[in-house]
1. I'd like the full set of residues that are part of a helix (DSSP H, G or I), surrounded by 10 or more Cβ atoms within 10 Å (Cβ to Cβ) and modelled with pLDDT of 75 or more, limited to the range 27-55.
2. Quickly run through the range 94-109 and pick out the residues that are at pLDDT 65 or above and open to solvent by less than 90 Å² (accessible area, probe 1.4 Å).
3. If we scan the range 75-93, do we find a residue that is at negative phi, touching a Phe, Trp or Tyr at 6+ places or on another chain (Cβ under 6 Å) and modelled with pLDDT of 75 or more?
4. List pairs: first in the range 7-26 and at pLDDT 90 or above, second of a type in the set (Gly, Ala, Ser) and surrounded by 13 or more Cβ atoms within 10 Å (Cβ to Cβ), Cβ under 6 Å, 6+ apart or cross-chain?
Amino acid sequence: MFYFLLVVLILDALLLSVVVLLQAGQGGGLASLGGSGTTDTVLGGRQAVTILTKATWWCGGIFLALSLMLSFVPRGGSASALQEKLRSATPGTLPTFPGTKPAPSAPAGSPTAPQPAAQQTPAPQPATPPPASQPKQ
């Protein structure tokens, strides 16, 4: 259902683009805002309703309705084969880093492995500075 609605939405978008591009321009465009006093020039005036105008309104309404429906329809299907392959290739244990011990595996009866206390290695002590020489008096 999701993919059917998606294909119809794409076809409607293409049709809407064609219908809008086929319409004749009103002339003027933003140049009509240059100071003429009539609102007909600014707003474009009343034009005859043509088949292209009706098609534009219908395609726009269908586009909005399909978009709203697609937001509520669950995206069907399960995970792709690539996603399943990645999930199966993912290791079940955490990676070990050099200088650390690997985490113990969980016993058969327990759901999770106990977390060992973090090993604290002593921080290296800063080198002691050489003794300061005595100031001359």
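The values are calculated or read from the model by the stated rules, or taken from the named source; none is laboratory data. Everything quoted here is computed from the prediction, not taken from an experiment. All Cβ positions, glycine included, derive from the backbone under ideal geometry; neighbour counts span all protein chains shown. Remember, those area values only see protein heavy atoms, side chains included, never the ligands or the DNA or RNA. Shrake-Rupley method; radii C 1.70, N 1.55, O 1.52, S 1.80 Å.
1. 52, 53, 54, 55
2. Within the range 94-109, 96, 99, 100 meet the criteria.
3. Yes, some residue in the range 75-93 is at negative phi, touching a Phe, Trp or Tyr at 6+ places or on another chain (Cβ under 6 Å) and modelled with pLDDT of 75 or more.
4. Listed pairs, sorted by first residue: 19/55.
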